[in-house]
């Protein structure tokens with residue numbers, strides 16, 4: 001017996017970043033909270049044995065393993081597994097060389113050496129070491145919480161068939177039945193398949209043969225109608241031809257009249273043209289230019305009148321401004337002289353009171369001092385000084401300022417009276433007003449000069465333009481001596497030019513009508529004696545159109561019938577083809593009946609195999625289920641699709657698995673999976689069993705029962721139980737036969 005024992009796994013896989021998991025013989029309890037990598041370790045173990053399917057693609061609700069388990073750090077996916085197979089220690093490694101083939105590089109060597117293990121490759125590793133294909137391993141020894149139920153698979157069927165028949169794993173009922181069913185459906189499946197298609201084609205062929213006979217009758221009737229309508233068409237065409245000949249005669253007459261009218265119109269236009277040339281009448285362009293010049297001349301004349309009126313107005317303004325200047329007291333002076341004269345008079349006195357006080361004090365002090373010197377016992381020279389200097393100085397200091405103030409007042413009053421003002425401020429205001437009057441007079445003079453120059457310029461322009469226009473007009477109208485006469489003569493010239501233009505237009509129109517009629521006019525009939533038709537052309541045309549429409553419809557119907565006959569095909573060939581189709585239908589009917597009989601025989605054979613395998617699987621599953629439920633259930637049955645039912649102890653009525661509680665249903669599925677492991681997995685290989693939270697829905701009592709069973713089963717094979725609960729570790733606490741590991745203390749955050 002080959003015994004497989006996994007020692008160590010190192011993974012760079014999904015959220016596992018170079019982490020290592022140590023395993024021992026027997027039952028391994030691997031405890032970790034959710035989202036810490038338990039399912040990732042299980043998927044890694046499966047990938048180390050069977051590899052990653054690089055052709056698998058993402059789809060709605062599903063992520064391929066190559067994307068689901070890509071390392072979160074962005075590094076390449078890789079792994080290492082160390083195991084013992086009998087007495088040999090092996091090291092399996094898978095690495096990624098190409099991003100499109102994750103873990104595609106495989107190597108199996110004897111541990112501690114670089115010697116490769118013979119016959120162990122990336123494709124054969126799983127089946128060589130475990131003895132079963134990936135599909136069988138996943139549906140037997142690889143047990144997930146979400147995958148406890150058993151699904152039908154061709155690989156599992158082949159394995160079961162090999163156990164109860166010849167031992168060969170190349171036959172599967174579902175594959176054979178599917179092949180036969182495809183062949184049966186290929187021939188007939190409801191309204192699809194070869195037989196319905198042949199029958200429909202045969203019916204179509206027969207319907208087409210009947211349709212050909214009917215079409216040939218309609219085609220003969222259409223050809224008779226075409227012949228009759230063709231005769232009517234020929235008669236009506238001859239009558240329409242008579243109308244055409246008569247219309248040609250009428251058009252020739254109209255052409256002759258148009259030719260005469262065109263000649264007369266051309267002659268009249270030529271006569272007018274000669275008269276204009278003799279009178280030297282200018283072209284319309286010259287007439288228009290001269291008339292426009294006369295209009296502009298009138299505009300200029302009005303502008304001259306306006307300019308003269310503005311000049312007179314400016315002269316009146318200047319006259320009023322000069323009168324205002326002459327009325328001013330400063331008349332005859334410049335603005336600077338007037339302002340200088342106005343500012344020569346001050347508003348304040350030469351000696352104001354604030355300046356008189358020191359003078360009065362000094363005069364009084366001098367008189368007082370002189371009196372003291374004269375009356376007191378003073379030296380003689382001081383007396384002389386007081387008489388000749390002190391007294392005159394004191395009197396001068398007292399009376400001279402008063403004298404000057406009085407004189408200033410008389411002079412200022414006389415000056416203000418001369419200018420008819422009462423104060424120096426009014427005099428300065430009068431000087432400012434005089435300056436403004438001078439400015440107004442100068443501006444009025446400048447405006448008058450400007451207006452006079454403009455009026456003279458416009459008048460000169462008017463005179464020169466008028467003379468030039470009259471000189472040019474007198475070249476063809478000598479009597480034009482003024483603008484009014486020139487305008488009247490130009491109007492007359494314009495009327496004559498207009499008459500010529502109208503005559504030329506009439507001549508052109510008459511010539512064009514003649515040309516059109518000459519192009520439209522058919523040649524004269526050979527027989528000049530053409531009789532008028534008896535019926536109107538509209539009546540004949542309407543009848544001819546109706547006959548032709550009927551004829552076209554009849555021909556279209558005949559063509560359509562001919563086309564339909566050609567599209568359907570040759571009746572002789574179609575009859576031969578119908579006979580061949582009938583022979584083919586009979587052959588397919590015989591094949592269909594033979595395949596149906598073969599499917600019945602295959603179903604009978606599969607029922608026989610199921611009857612041989614199902615009791616054994618049900619018996620062993622019932623034993624395990626009874627142990628897991630402490631004898632509450634005694635029987636288990638399943639059909640070919642692995643649909644399960646359980647028999648409660650003491651109750652002969654089987655319960656469908658869907659009617660059981662979630663925990664009991666998981667126990668039932670686990671019992672069947674364990675029974676399949678015992679019956680399907682190779683007896684010469686102790687294949688490890690992997691359980692990923694398979695006991696999550698078990699209550700504590702059922703969990704203890706299952707743990708006891710797993711411990712007993714672990715004596716013959718290695719069992720890995722990944723769990724998110726602590727009760728499994730608590731149950732085996734102190735049991736040296738069970739390996740207990742806590743992978744992490746808390747969930748790793750993404």
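Bear in mind these aren't lab numbers, they're just calculated from the coordinates by the rules spelled out. The shown structure was predicted, so the numbers you read here are calculated from the model rather than taken from an experiment. Virtual Cβ from ideal backbone geometry, glycine too; neighbours counted across all protein chains shown.
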Discussion item. With just the Cα atoms defining each centre, how far is the range 19-82 from the range 301-337? Give it in Å.
Written reply: 115
Response to the item:
For the range 435-558 (alpha-carbon point model, no solvent) the Debye-based log₁₀ I(q)/I(0) at q = 0.15 Å⁻¹ works out to -0.99
Worksheet item: In a solvent-free Debye calculation with one equal scatterer on each Cα, what is log10 I(q)/I(0) for the range 40-101 at q = 0.30 Å⁻¹, listed in the order of the q values?
Response: -1.46
Worksheet item: Going by a ≥ b ≥ c, the root eigenvalues of the Cα gyration tensor, does the range 663-738 fall in the rounded group (a/c under 1.5), the prolate group (a/b larger than b/c) or the oblate group?
Response: oblate
Worksheet entry | Mean Cβ count within 10 Å, highest first, over the residues of peptides 110-121, 568-579 | 568-579, 110-121
Worksheet item: How much of the calculated P(r) for the range 1-137 lies past 18 Å, in percent of all Cα pairs?
Response: 56
Item to complete: Would you mind pulling out the separation of the Cα centroids of the range 451-492 and the range 84-101, in Å?
Response: 120
Response to the item:
Full extension between residue 189 and residue 240 adds, at 0.36 nm per residue less the Cα distance, a length in nm of 11.6 nm
Discussion item. Can you give the FRET efficiency to the nearest 0.05 for residue 683 and residue 584, using r as the Cβ-Cβ distance and R₀ = 60 Å?
Written reply: 0.70
Worksheet item: Where does each of 628-637, 192-201 land if you order them by average Cβ count within 10 Å, highest first?
Response: 628-637, 192-201
Worksheet item: Expressed in nm to one decimal, what extension gain is obtained for the pair residue 75 and residue 60 from 0.36 nm per residue of sequence separation less their Cα-Cα distance?
Response: 2.8 nm
Worksheet entry | Projected label distance in nm at residue 201 and residue 20, using a 7 Å step from Cα toward the beta-carbon | 7.1
Discussion item. Run the numbers for residue 630 and residue 111: contour at 0.36 nm per residue of separation, minus the present Cα-Cα distance, in nm.
Written reply: 182.4 nm
Discussion item. Can you give the log10 of the normalised intensity I(q)/I(0) at q = 0.21 Å⁻¹, computed with Debye over equal Cα scatterers of the range 195-280?
Written reply: -1.00
Practice prompt. On a C-alpha basis, how far is the centre of the range 502-522 from the centre of the range 204-266 in Å? Whole number, if you could?
Written response: 33
Fill in: Cα gyration tensor shape of the range 626-676, rounded if a/c is under 1.5, else prolate or oblate by comparing a/b with b/c
rounded
